[in-house]
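Contents: one structure, followed by commentary.
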Amino acid sequence: MPYTFDWVAKDVVKKLQGKDLRPVKCLSDATKFRQFDILQKTTQSLFWKSEDTPVGYSLLQILEPNFPVPETEVSTPIPLKHTVSQKLKTNVDVKAIAEGSASAEFVQSCGYDIEVQSTSIPESKLESLQNMKLLDQEPSFVKDCRMGRKNLYVVTEAFVVTKGTVLEDSSSVDFSGKVLIPQYVKGQAQGQWQKKSTDSVPILKGSVLAYKKKQLVIENNTCAILLSANAKKKTFLEMLNMQPRSGIFAQPMRMQGEDVFYSARIEIEPYTTRRLGLWTNDISPIGRIEEPYHQDFNRLQDEVSLQIEQLALLSKDVQDVVFSSLLPMLRNREVLHDLMNMLELDQLGHMDGPGGAILDELQKDTSPPWIDLKNLILYLLQALMVLSDTQLDLLAQSMEKRLLLQQRELVRSILQPNFKYPWNIPFTLQPQLLAPLQGEGLAITYELLKECGLKMELNNPRSTWDLEAKMPLSALYGSLSFLQQLVEA
């Protein structure tokens with residue numbers, strides 16, 4: 001497995017074992033999570049977490065000048081190292097590429113050697129950062145976040161790389177023995193064939209690998225840092241008193257440690273009851289017993305179905321542009337991440353490559369007025385960002401091989417009966433759903449499921465449900481459903 005920046009950041013967080021410590025997901029953002037940097041969260045789903053998006057401002061830039069900033073504490077450097085070297089030597093049948101017999105040796109080495117340092121403000125000193133007065137003229141991003149009811153956070157601790165390093169991943173394959181390659185020689189020949197590849201990713205001094213954050217609370221012309229993660233507050237408190245149209249009022253709901261708005265009048269689903277821009281009044285009958293929201297698979301299915309219904313109403317040309325643009329982007333997390341950040345920050349400017357084609361469609365704004373194309377694409381991007389690099393590559397292969405429909409039904413068959421269980425429970429994959437997936441298609445599908453955290457073995461239909469797999473499986477279900485609609489368009 002190649003050592004990407006994303007993988008290394010996650011591994012560093014695992015080694016540091018800090019409470020509420022989060023990895024920086026993208027190398028291009030590695031300098032945007034420094035102490036006091038402001039982040040926003042734009043949640044499109046209640047079933048998987050969205051990433052923190054840097055807004056490009058520091059807290060100190062929106063406060064009145066000369067505000068007394070508490071002194072930062074700097075830890076001693078922490079050296080971290082992880083290396084893997086593996087060698088496999090075997091006799092292989094190379095009839096597919098040559099006639100004869102040969103031995104092969106596979107060698108791979110990868111890893112990192114890095115040093116990080118924490119810069120932080122202790123909890124005791126954060127008390128002084130309360131009731132801070134904002135600049136008289138607030139930045140435009142604050143106005144946009146207030147109107148969009150987005151929560152804002154501030155980085156309170158950052159683990160910074162103290163000296164530059166390079167992530168390296170090298171591999172080699174050696175074939176040797178008696179081989180006959182028809183297109184080059186006649187007869188058999190003793191020979192050797194070797195292939196080497198090396199990938200490297202530089203991480204510069206000052207890059208942030210991991211961070212901690214706390215929520216900002218803004219009211220009138222002051223702001224404060226919310227010290228307790230359990231306090232149920234929104235960034236913009238005044239929004240709680242505003243009355244949206246039709247008398248629907250918003251209240252916060254706790255969901256996996258994050259505050260999410262829901263409509264109290266129409267149950268608690270902002271996406272599954274808003275059909276084509278119209279609010280419905282589906283109120284549960286008195287006395288009806290329901291599963292908690294996050295334990296009800298039907299809620300996830302309704303949420304995903306609404307996105308697909310709206311996507312299907314777009315013109316074939318628009319869907320074709322999104323499809324043809326996403327396919328090459330699935331093999332490049334950095335590009336997907338950059339596009340997601342631009343949409344979350346409402347920056348529909350210029351972007352090179354396939355992401356630019358999607359931005360062009362958004363700027364044309366030819367979709368029906370009741371369909372928000374930007375939020376549809378953002379919904380998919382946030383789901384894709386939950387998945388691993390391996391899964392993104394496997395999704396691209398699945399799109400090319402037209403496996404998405406069978407994979408979606410297989411994932412649904414796992415989620416539906418197990419969604420509400422918080423413990424490990426064995427289950428068996430349905431044979432009729434595995435039957436259409438043969439050979440390489442079955443291997444791709446099993447790897448997709450294994451990357452979610454399920455214990456899968458090829459040609460073995462039995463596995464075990466794991467609560468940790470619930471969120472990535474839900475995101476995979478949403479991604480497969482969305483991409484399948486684009487394939488069908």
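The values are calculated or read from the model by the stated rules, or taken from the named source; none is laboratory data. Note that the structure is predicted; figures quoted are calculated from it, not measured. Note that we place each Cβ from the backbone using ideal geometry, even for glycine, and neighbour counts take in every protein chain shown.
Quick rundown of the values:
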read-out	value
Selection status of E334, of a type outside the set (G, A, S), surrounded by fewer than 19 Cβ atoms within 10 Å (Cβ to Cβ) and at pLDDT 90 or above	no
Candidate set: region 356-373, residues that are surrounded by fewer than 17 Cβ atoms within 10 Å (Cβ to Cβ) and polar (S, T, N, Q); chosen: the one modelled with the lowest pLDDT	T366
Some residue of region 427-442 being more than 23 Å from the chain's Cα centre (by Cα), of a type in the set (V, I, T) and either over 20 Å from A475 (Cβ atoms) or in the same structural domain as Q391 (by TED's automatic domain parsing) (or both)	yes
Close pairs (8 angstrom Cβ cut-off, 6 or more residues apart or separate chains): touching a residue at least 24 places away in the same chain (Cβ under 8 Å) in region 411-426, surrounded by 14 or more Cβ atoms within 10 Å (Cβ to Cβ) and among the acidic types (D, E) anywhere	F419/D296; K420/D296; N424/D466
Count of region 112-124 residues which are touching a Lys or Arg at 6+ places or on another chain (Cβ under 7 Å) and surrounded by fewer than 15 Cβ atoms within 10 Å (Cβ to Cβ)	1
Check on L395, within 28 Å of C145 (Cβ to Cβ) and surrounded by 16 or more Cβ atoms within 10 Å (Cβ to Cβ)	no
Residue in region 22-35 that is over 15 Å from the mean Cα position of the chain (by Cα), within 17 Å of I114 (Cβ to Cβ) and among the hydroxyl-bearing types (S, T, Y) present	yes
Failed item, numbered, when A443 is tested on (1) of a type outside the set (D, E, K, R); (2) part of a loop (DSSP other than H, G, I, E, B); (3) more than 26 Å from L46 (Cβ to Cβ)	(2)
Search result, residues across region 47-68 that are surrounded by 11 or more Cβ atoms within 10 Å (Cβ to Cβ), more than 18 Å from Y211 (Cβ to Cβ) and in contact with a Ser or Thr (Cβ under 9 Å, 6 or more places away or on another chain)	F47, W48
Residues that are surrounded by 12 or more Cβ atoms within 10 Å (Cβ to Cβ) and outside any strand (DSSP E or B), drawn from region 425-435	L429, Q430, L433, L434
